[in-house]
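This report concerns only the one structure given below.
The values are calculated or read from the model by the stated rules, or taken from the named source; none is laboratory data. Bear in mind that the values here come from a model prediction, so they are computed numbers and not experimental data. When we count neighbours, we look across all protein chains shown, and the Cβ atoms used for this are built from the backbone with ideal geometry, even at glycine. These area figures cover heavy atoms from the full protein model, side chains too; ligands, DNA and RNA do not enter into them. Shrake-Rupley method; radii C 1.70, N 1.55, O 1.52, S 1.80 Å.
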Amino acid sequence: MTENKHPYSSRKYEIVPYDPNWVNQFEDLKLKIQTVFKSSQIEHIGSTSVPGMSGKPCIDVLVTVDDIKEVENHVTGMENLGMEYAGEFVMKDSRLFRVMKNDTLLANIHFFPVGHTHNKEMLNMRDYLRANPEEVTQYSELKQDLYMKYKDDYASYRKYKDEYMDKLKGRVSGFYFK
């Protein structure tokens, strides 16, 4: 009987030190997205949004829309900007576009409807990390250590990173509900 491999197991990735240019990359993406989604809230999220945070050099963007189904009407407009549509990829009531170059993921553009609980979770995580540099240092060191151990095994990297993230979410939640 063969063992089922996790879909992430052979995914190539790298963890790099914080790059201040990530802010400029986000701003460029935001300007492009605003040409298609004019009145939407567009936020920089993920590791690249936190000064000092090591991470994968992939810009994560959160776009909040009134109606998630409306995204379907703008797929061609986003594709014309060089963004690849991945559909309802992350979770129910979400949409994802990606920016790829030579099989390298440069950006994830996440769409969620106004009021979706995941919006607040992502923004609270970003804001918590921005306000807690000691957590940024600890989390960055963990990601670097995991990368060194699991360079060719993204599934293991994610497994241990996600365990840390589960605990971190508890600290974030406590921070916002004091």
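Before moving on, here are some points about what is shown:
- Any hit, region 70-92, residues being touching a Pro at 6+ places or on another chain (Cβ under 6 Å) and under 27 Å from M165 (Cα atoms): no
- Those residues of region 104-115 which are touching a residue at least 24 places away in the same chain (Cβ under 8 Å) and either open to solvent by 30 Å² or more (accessible area, probe 1.4 Å) or within 13 Å of I33 (Cα to Cα) (or both), in sequence order: L105, L106, A107, N108, I109, H110, F111, V114
- Filtering region 37-66 to residues that are part of a loop (DSSP other than H, G, I, E, B) and within 12 Å of the chain's Cα centre (by Cα) leaves G46, V50, K56, P57, C58.
- Conditions (1) open to solvent by 70 Å² or more (accessible area, probe 1.4 Å); (2) of a type in the set (F, W, Y); (3) not in a helix (DSSP H, G or I): number failed by Y160: (3)
- Test for K92: is it open to solvent by 70 Å² or more (accessible area, probe 1.4 Å), closer than 16 Å to I45 by Cβ and either within 17 Å of the chain's Cα centre (by Cα) or aliphatic (A, V, I, L, M) (or both): no
- Test result for K101, open to solvent by 40 Å² or more (accessible area, probe 1.4 Å), over 25 Å from D19 (Cα atoms), basic (K, R) and at pLDDT below 95: no
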